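Enquirer: Mind looking over this structure? Questions follow.
The values are calculated or read from the model by the stated rules, or taken from the named source; none is laboratory data. Here the structure is a predicted model, which means the values were calculated and not measured. Please note: Cβ atoms are built from the backbone with ideal geometry, for glycine as well, and neighbour counts cover all protein chains shown.
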Amino acid sequence: MSGRSGPVRSQLAGDAGAPPTTGRPPGPVVTAEGVGAAYGTRPIWSGADFAIEPGEFVGVLGPNGAGKSTLLRLLLGLLPPSAGTLTVLGQPPRRGNPAIGYVPQRRPVDPDVRLSGIELVKLGLTGHRWGVGLPRHRAGTEAAVGAAVRAVGADVYARQAVGTLSGGELQRLLLAQAIVGAPDLLLLDEPLANLDVRNQVGVARLVGDLARSRGLAVLLIAHDINPLLPVLDRVMYIAAGQVTIGRPAEVITSDRLSRLYRAHVEVLTDSRGRLFVVGLDEESTHPHHDHGDHAVHGA
């Protein structure tokens, strides 16, 4: 997916549904060996060992302040590791890497903003604060933007002003902006926040489809794993200064989380297959203020 040349990207734009021809180097998209994260002298987590493969969808979970967004900052080249070796496509992370698509935490959009969805997506090519933009002829730009919009199913409303769109519609267009440059790695910081359950499931399925069809490695930060369970490959749990990764059934267990938190934790499964973590106080668990119950939480 990434050969960085115009012809490869134009071919991608012409067929949004087919896996694009990729020029990425062989091997994992992300590799961490003994990686630590810190802000100054304050350690956040340490000893992270993992590899993320092309087409793999990984959910990143953990309490507030545990260092989930810090992981994305490391991969974006905005923060150097405090220890160990971290690579993206075989190279140290660097700022403005066009191989990375990124959707930061979403903030409210002013209803009076007249920027259209198409123009929002186009910013992923012409330049925005996470990169320098890619030079491109107008025809190639239009083709790539149209392909990205179709890939996320946003054709119907893409020409509307973004201030008039629903949360789910806007999130799809932000995904289109992140994939329009044909990245190899997609980083999503809480894209399901503030969406209703139907849109959470819809966006999760869309991200899973994009990962498989485009060979994208995806790291998605979430507070609740339940909308992701049907499409997730692995889960990374960041808590108590540690990073643990594996299949959900391996990581989100009473025994594993109890050892991670050094306290008794119980994981329950309801009749619909949803996971709930019981026994963590408010400071060390995922906030679910919309549930109105701080004793039992979606994992």
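Enquirer: Which one of the conditions (1) over 25 Å from Ser69 (Cβ atoms); (2) at pLDDT below 95 does Val156 fail to meet, given that it meets all the rest?
Expert: (2)
Enquirer: I'm checking my understanding of the structure. Among residues of segment 43-84 that are among the small types (Gly, Ala, Ser) and assigned to a loop (DSSP other than H, G, I, E, B), which one is farthest from Arg205 (Cα to Cα)?
Expert: Filtering first and then ranking leaves Ser82.
Enquirer: Is it the case, given these coordinates, that Val231 is buried (at least 22 other Cβ atoms within 10 Å of the Cβ) and either basic (Lys, Arg) or under 22 Å from the mean Cα position of the chain (by Cα) (or both)?
Expert: no
Enquirer: Here is a further query. Which residue, of Leu125, Leu219, Leu170, is at pLDDT 95 or above and within 22 Å of Arg107 (Cα to Cα)?
Expert: Result: Leu219 is the single residue among Leu125, Leu219, Leu170 that is at pLDDT 95 or above and within 22 Å of Arg107 (Cα to Cα).
Enquirer: Filter segment 18-42 down to the residues that are touching a Ser or Thr at 6+ places or on another chain (Cβ under 6 Å), modelled with pLDDT of 70 or more and not in a strand (DSSP E or B) and list them by number.
Expert: Selection gives Arg24 alone.
Enquirer: Which pairs do you get when a residue that is assigned by TED's automatic domain parsing to the domain that holds Leu74, found in segment 26-53, comes within reach of a residue that is among the aromatic types (Phe, Trp, Tyr) and surrounded by fewer than 19 Cβ atoms within 10 Å (Cβ to Cβ), reach meaning Cβ atoms under 7 angstrom, with the pair 6+ apart or on two chains?
Expert: Listed by first residue and then by second, the contacts come to Ala32/Phe50.
Enquirer: Now a separate question. Contact list please: Cβ distance under 8 Å, first residue in segment 254-272 and within 21 Å of Pro230 (Cα to Cα) and touching a residue at least 24 places away in the same chain (Cβ under 8 Å), second residue of a type in the set (Phe, Trp, Tyr) and outside any helix (DSSP H, G or I), pairs at least six apart or on different chains.
Expert: Val267/Phe276; Leu268/Phe276
Enquirer: Return the total of residues in segment 74-106 being under 26 Å from Thr141 (Cβ atoms) and either surrounded by fewer than 13 Cβ atoms within 10 Å (Cβ to Cβ) or charged (D, E, K, R) (or both).
Expert: 3
Enquirer: Quick test of your reading of the structure: Gly14 fulfils all but one of (1) modelled with pLDDT of 95 or more; (2) out of contact with any Pro (no Cβ under 7 Å at 6 or more places or on another chain); (3) surrounded by fewer than 20 Cβ atoms within 10 Å (Cβ to Cβ). Name the failing condition by number.
Expert: (1)
Enquirer: If you don't mind, another one. List every residue pair whose Cβ atoms lie under 8 Å apart, where the two residues are 6 or more positions apart in sequence or sit on different chains, the first residue falls within segment 192-218 and is not assigned by TED's automatic domain parsing to the domain that holds Ile100 and surrounded by 20 or more Cβ atoms within 10 Å (Cβ to Cβ), and the second residue, located anywhere, is among the polar types (S, T, N, Q) and part of a helix (DSSP H, G or I).
Expert: As it stands, the answer is none, since no pair meets every condition given.
Enquirer: I would also like to ask the following. Taking the stated definitions as given, is Asp224 under 14 Å from the mean Cα position of the chain (by Cα), crowded, with 22+ Cβ neighbours inside 10 Å and within 30 Å of Ala83 (Cβ to Cβ)?
Expert: Values: under 14 Å from the mean Cα position of the chain (by Cα): yes; crowded, with 22+ Cβ neighbours inside 10 Å: yes; within 30 Å of Ala83 (Cβ to Cβ): no.
So Asp224 does not fit the description; no.
Enquirer: A further question on this structure: Scan Leu115, Leu86 and give me the residue that is in contact (Cβ under 8 Å) with a residue 24 or more places away in the chain, more than 17 Å from the chain's Cα centre (by Cα) and farther than 18 Å from Leu174 by Cβ.
Expert: Within the list Leu115, Leu86, the selection yields Leu86.
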